[in-house]
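These notes are about the structure you will find just below.
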Amino acid sequence: MQFMTLKIALLVLVIGMSESQGKRELHSLQWSVCNTNPSSPISVTKIAVSPMPVEIPGTFNLTIDGALSRQISHTSLSLHIKRKTFLLDIPIPCISNVGSCTYDDLCTVISQMISEDWGGIMGNIGTQINTMLRNAGVPDHCPLDATALHVNQFTFSLPEVPSLFSTFATGDYHARLSATEKATGQEVLCIDLDLSVKKHEKPCSGLSCIFG
């Protein structure tokens, strides 16, 4: 699989969980492939996140399986995130490169995310993504040759959400990511994701259990 695209697929999950007040709560990640290109070199066969809903701050485990059938290099990605509400879906804006953003070059986006620490939270998350991919034997350069990726229950740690994103800190979210190969102009990946996020609540103690 185009592993720089996989990096962004992972980033999509983390961003959605980091900035995600709807009426329903999902208990498992729902995902589907929306790519209409029959010759796409990228295939994704499994994405799983547990627990669901994801708590912030907190941890979640990620499993992902995919494959790349041919060499691929520079790829851009458009990410669209919406918060689901009772009446309508609310688009999440792009703030400090976090949210519904377009990333021009997936070969450099993770290193840029780390060095610039988008939103004050993405530097550490980007480092975790790199650690996961390194453990899976994924190279950190382009182009990438045909290969497969298997990640099993990698644990991500999510920090407290900064005030900049506090409005989007909990709820039900839909995210669509679409990746386009620059050399051919073809869409090589499209994935829809539905997930729930909630704020971590500390267990009550003493009088707080009675009076809240």
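A count restricted to region 19-54 and to residues that are surrounded by 17 or more Cβ atoms within 10 Å (Cβ to Cβ) and either assigned to a strand (DSSP E or B) or of a type in the set (Ser, Thr, Tyr) (or both) stands at 8. Of all residues in region 187-212, exactly one satisfies the criterion of being at pLDDT 90 or above and over 18 Å from the mean Cα position of the chain (by Cα), namely 187. Of everything listed in (1) within 18 Å of residue 191 (Cα to Cα); (2) among the small types (Gly, Ala, Ser); (3) at pLDDT 90 or above; (4) not in a strand (DSSP E or B), the single unmet condition for residue 123 is (1). Remark: pairs (first residue in region 124-148, more than 17 Å from residue 65 (Cα to Cα); second residue buried (at least 16 other Cβ atoms within 10 Å of the Cβ) and of a type in the set (A, V, I, L, M); Cβ separation under 6 Å; 6+ apart in sequence or on different chains) = 125/14; 126/110; 126/113; 126/114; 127/114.
As a summary of the residue check, residue 181 satisfies the conditions (1) under 28 Å from residue 53 (Cβ atoms); (2) surrounded by 18 or more Cβ atoms within 10 Å (Cβ to Cβ) except for the one numbered (1). Can you pull out the residues in region 92-113 that are under 20 Å from residue 162 (Cβ atoms), out of contact with any Gly (no Cβ under 8 Å at 6 or more places or on another chain) and assigned to a strand (DSSP E or B)? Scanning region 92-113 gives 94, 99.
The values are calculated or read from the model by the stated rules, or taken from the named source; none is laboratory data. Everything numeric in this text was worked out from a predicted model, so none of it was measured. Here the Cβ is made from the backbone with ideal geometry for all residues, glycine too, and neighbour counts use every protein chain on show.
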